[in-house]
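Notes follow once the structure below has been shown.
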Amino acid sequence: MDYTSNMEKVFQKLGDLKSFFIYGQKIVPVMQKIVDFMQDTVPLLENVNQSIQDSTSKIPKAAVQINNVTSATEVATTEILDIVDAISSDVQTIKTKLELLKNKIDKQKDIISRLTLSVKENKIACEIINNELIPEFVGDELVSMVNMIDKIHDGVMNITISLQVQDITAQQLSSVNHLIHAVQEKLSSLVMDLNNKEVKEVPDIAYQVAESGSFNPDARYNKDKESQTLADTLVNNQIKKPSQEEIDKLFSKP
Amino acid sequence: MALKFLIVDDSVTMRRIVANSLKTIGHEEFIEASDGREALQKLSIDESINFVITDWNMPDVSGLELVKSIRANQNFGKIPILMVTTRGLKEDILEALQAKVNNYIVKPFTPQILREKIEQIVSSVG
């Protein structure tokens with residue numbers, strides 16, 4: 001009885017083995033295809049790996065170039081501000097001189113009108129005084145020149161306001177540099193995993209990445225008043241009238 | 001009342017623009033600091049400073065940290081603070097107000113806005 005049972009088990013196992021071999025025959029071509037595919041893929045992966053290494057080693061150069069752009073625009077903006085200051089100062093000087101001139105002319109007009117009164121019997125003298133000494137248009141011209149100077153001053157101020165774009169773009173570029181640095185770190189760790197070797201550093205390239213708190217990635221040069229209006233609303237809701245004691249404390253000089 | 005401003009910004013350009021704007025609206029007295037740490041040093045040395053204009057995003061000690069440090073200080077904790085920043089989101093403004101800034105300007109700004117905010121602060125305290 002035991003002998004029969006054991007033989008049945010052996011035949012069953014042989015049957016399983018046969019099924020396994022049949023299955024193996026079917027799977028071997030598939031396995032061969034996978035091996036062929038892997039053989040084809042390895043050079044591709046090596047290429048990818050090399051590309052990642054190359055790209056990663058170039059990233060510091062890109063970051064340095066971005067930093068250079070920020071520095072260059074800062075220097076250029078400072079130069080523009082120097083020129084704007086000089087123009088502003090000259091314009092102010094011209095305005096002051098024109099206003100002095102206008103005052104002098106007004107005084108002279110006053111003298112002339114008194115002079116005219118004193119010679120009112122002499123019509124020819126009156127005519128000469130009124131038409132030849134100080135023509136009426138001189139005063140008007142001066143007023144118009146002062147107005148033009150004011151316009152130039154406003155234009156100069158608008159240039160200054162527009163130069164705030166340098167700070168805003170500098171923050172955007174810092175944000176880009178931060179992203180680049182993050183990508184480089186990820187790629188470097190990928191290269192480490194694939195190759196077990198570190199990415200070669202490009203000689204003579206050292207770049208600084210700004211702390212994440214030192215720039216606003218959402219900085220925008222936007223002249224619409226939406227954000228300022230929101231700020232005004234929130235500030236106005238918050239403001240409370242302080243006590244006199246607080247006022248005195250605030251501005252008391254030591 | 002004569003105001004002496006401390007302009008705090010890591011950007012040379014912005015410090016210059018704020019200073020120019022202050023001159024345009026008739027305020028000639030100011031000193032500068034390039035981050036929060038330097039600002040705190042200047043405040044502790046120069047007791048004549050009675051108004052702070054600060055940026056938010058700066059290295060080392062940020063504008064918000066500066067505001068909190070000023071408010072926690074017994075000697076100059078009550079000094080008026082105007083924040084001038086690119087951060088215009090509601091949560092940013094509320095965070096700054098919670099830290100007790102007196103007023104808030106979103107860049108880019110004009111000298112007129114600067115004047116308006118300074119006058120608002122001065123009138124709200126006297």
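Where a number appears in this text, it was derived from the coordinates with a stated rule and is not lab data. Keep in mind that this is a model prediction, so the values were computed, not measured. Using ideal geometry, Cβ is built from the backbone for each residue, glycine included, and neighbour counts are taken over all protein chains shown.
By the combined test of axial Cα extent (at least 20 Å) and Kyte-Doolittle hydropathy (mean at least -1.0), the qualifying DSSP H helices of chain A come to A:2-118, A:136-162, A:164-195. In chain A, helical runs assigned H by DSSP with n ≥ 4 each contribute -39500 (n - 2.57); averaged across all residues and rounded to the nearest 500, the mean residue ellipticity at 222 nm is -29000 deg cm²/dmol.
Rounded to the nearest 20 debye, the dipole magnitude of the stretch A:15-84 is 580 debye, with +1 charges on Lys and Arg beta carbons, -1 on Asp and Glu beta carbons, and the Cα centre as origin.
Taking the Cα centre as origin and putting +1 on Lys and Arg beta-carbons and -1 on Asp and Glu beta-carbons, what dipole magnitude results for the stretch A:18-224, to the nearest 20 debye?
560 debye
Over the stretch B:5-124, Cα pairs under 8 Å with separation of 6+ residues give a relative contact order of 24 percent. What you get for the protein assembly as shown, charging only the Cβ of Lys and Arg (+1) and of Asp and Glu (-1), is a dipole of about 600 debye around the Cα centre. Which shape class, rounded, prolate or oblate, goes with chain A when its Cα gyration tensor gives a ≥ b ≥ c as root eigenvalues, a/c under 1.5 marks rounded, and past that a/b bigger than b/c marks prolate? Prolate. Taking A:179, A:117, A:14 as the candidate residues, the one with maximal mean-square fluctuation in a Gaussian network model of chain A, Cα springs under 10 Å, is A:14. Only Cα pairs within less than 10 Å get springs; with that Gaussian network setup on chain A, which residue of A:31, A:192, A:157 has the largest fluctuation? Of A:31, A:192, A:157, the most mobile in the Gaussian network model is A:31. Shielding value for B:49-58 is 3, the average number of Cβ atoms from other chains within 10 Å of each residue's Cβ.
For the set A:223/B:90; B:42/B:68; B:4/B:42; A:95/A:223; B:42/B:78, the pairs lying more than 21 angstrom apart at their alpha carbons are A:95/A:223. For residue A:138 and residue A:183, the difference between the fully extended length at 0.36 nm per residue and the C-alpha to C-alpha distance is 9.4 nm. Peptide A:222-232 is shielded by partner chain Cβ atoms: per residue, an average of 6 of them sit within 10 Å of its Cβ. In chain B, a dipole from Cβ-located charges (positive for Lys and Arg, negative for Asp and Glu) runs towards its positive end, and of B:62, B:125, B:99 it is B:125 whose Cα lies farthest in that direction.
Summary value for chain A: 29 percent relative contact order, contacts being C-alpha pairs under 8 angstrom separated by 6+ residues. By the gyration tensor of its Cα atoms, with a ≥ b ≥ c the square roots of the eigenvalues, what is the shape of the stretch B:5-124: rounded for a/c under 1.5, prolate for a/b over b/c, or oblate? In terms of gyration-tensor shape, rounded.
The fewest-to-most ranking of B:65, A:121, A:211 by surrounding Cβ atoms within 10 Å reads A:121, A:211, B:65. Using a Gaussian network for chain A with springs between C-alpha atoms less than 10 Å apart, which of these wobbles most: A:132, A:46, A:74? Its mean-square fluctuation being the largest, the pick is A:132.
What is the fewest-to-most order of A:23, A:221, A:3 by other Cβ atoms lying within 10 Å of their Cβ? Don't skip to the end; give the middle numbers.
Numbers: A:23 10, A:221 15, A:3 7.
Ranked by crowding around the Cβ, least crowded first: A:3, A:23, A:221.
Counting only whole DSSP H helices of chain B, the ones at least 15 Å long by C-alpha along their axis and with mean Kyte-Doolittle hydropathy no lower than 0.0 are B:12-24.
The gain in end-to-end length when the residue A:41 to residue A:103 segment is fully stretched comes to 13.4 nm, 0.36 nm per residue minus the alpha carbon separation.
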